[in-house]
Amino acid sequence: MGAVVVIGGGVTAIVLTTGRSHVDAGSIPRTSYPSPAGLSTGPVASGRPSSAGGGGAGKATPEALQAAIADAYNNRDADAFPALSCDPTSDADLKDLRDTMSRVPAAVRYAPSGPPQVNGSTGTLTYAVTAPGAQTKTFDMPITKSGGNWCIPS
């Protein structure tokens, strides 16, 4: 299965920038990535693993992972996510993520919303998403410890 990257930030950005309190299912890209709470997109089959890799790279601490994810979102760098994932990323999933992130307006910013919440080898990162003139939204991202590093699980 492909890498798990919460594109919920992108979905949240759609809500922020359009001013809609509801996102039509047709406007949410369908990938194997989970969305923030309440906006389930459901999984689809992934293609073959990507040469982009991933699969257990992650970061040494939850805090380092949290910062790297925020940087990837803010830089619209979809190619950074496979290295932060616990599992390999399929070419199709990476393409979908690139396409989704390219549609997020540059003014939309992502920032950690509090420290990582860790319980043993699992945890949650919470991000705040803001756009000029719009209400700040938050979304949670699950994390897990795998192979000694913290990463985004599938």
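List of remarks:
- Cα point-scatterer Debye curve for region 76-151, base-10 log of I(q)/I(0) at q = 0.11, 0.21 Å⁻¹: -0.36, -1.10
- Based on protein heavy atoms only, region 90-154 ends up with 50 Å² per residue of surface accessible to a 1.4 Å probe.
- Using C-alpha pairs below 8 Å separated by at least 6 residues, the relative contact order for region 99-154 is 25 percent.
The values are calculated or read from the model by the stated rules, or taken from the named source; none is laboratory data. Not measured: the values here are computed from a predicted model. Side chains are part of the model used for accessible areas, which takes the heavy atoms of the whole protein and leaves out ligands, DNA and RNA. Shrake-Rupley method; radii C 1.70, N 1.55, O 1.52, S 1.80 Å.
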